[in-house]
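Participant: Take a look at this one; I'll ask things after.
The values are calculated or read from the model by the stated rules, or taken from the named source; none is laboratory data. All values reported here derive from a predicted model rather than from experimental measurement. Positions of Cβ are backbone-derived with ideal geometry, glycine not excepted, and every protein chain shown enters the neighbour counts. What goes into the accessible areas is simple: the full protein's heavy atoms, side chains included, and nothing from ligands, DNA or RNA. Shrake-Rupley method; radii C 1.70, N 1.55, O 1.52, S 1.80 Å.
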Amino acid sequence: KQAVVASADGGTGVIFDVDWERGSTFATTGDTLQFWSMEGTALSRKKGTFGQAGPMDTMIAGSKLPNGNTVTTSAKGPLYVWDNHELAKCVPAHEGTGNTICVSE
């Protein structure tokens, strides 16, 4: 039997992907990159912050790296590596949108 364990407003922007991580955390990509955590039935989120590590872009898909960071694909091609909710680096990858990503350990 399935049941809703928590819910929250994801905002008004488009959500392209949900990256389920270990435990009770996940990230959503789209118009805004958001990192979520769940305690009990409460969900909280932190917006991804770009800072000076790379240009703002729409994040398309994400996956957790073995070191705990998150890597996301972008609409313009680079890969973005996130440490918690802050952009750590932007890596040139290819031209055009990266529609999906999978990381294996």
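Participant: Using 0.36 nm times the number of residues separating PHE50 and ASN69, minus their current alpha carbon distance, what extension gain do you get?
Facilitator: Gain on extension, PHE50 to ASN69, equals 5.4 nm.
Participant: In what sequence, largest accessible area first, do ASP9, ASP19 appear using a 1.4 Å probe?
Facilitator: My answer, sorted largest first, is ASP9, ASP19.
Participant: Which percent of the accessible heavy-atom area of the chain goes to carbon and sulfur, probe 1.4 angstrom?
Facilitator: The nonpolar share, carbon plus sulfur, comes to 51 percent.
Participant: Report the number of Lys pairs in the chain whose alpha-carbons are under 25 Å apart, with separation of 8 or more residues or on distinct chains.
Facilitator: 9
Participant: Towards the positive end of the charge dipole of the chain, with charges on Cβ (+1 Lys, Arg; -1 Asp, Glu), say which of GLY40, TRP20, THR73 has the farthest Cα.
Facilitator: Positive-end residue among those listed: GLY40.
Participant: Figure the gain on full extension for ALA42 and THR25 (residue separation times 0.36 nm, minus the Cα-Cα span) and round it to one decimal in nm.
Facilitator: Extra length from ALA42 to THR25 when fully extended: 4.9 nm.
Participant: Could you list the GluC sites (Glu not before Pro) in the stretch 1-102 that lie in coil according to DSSP, counting only those with at most 12 other Cβ atoms within 10 Å of their Cβ?
Facilitator: Counting only loop positions with at most 12 other Cβ atoms within 10 Å, the GluC sites (Glu not before Pro) in the stretch 1-102 are GLU95.
Participant: I want to verify the translational diffusion coefficient of the chain in µm²/s; compute it with Stokes-Einstein, Rh as the Kirkwood radius over Cα pairs, at 20 °C and 1.002 mPa s.
Facilitator: 152 µm²/s
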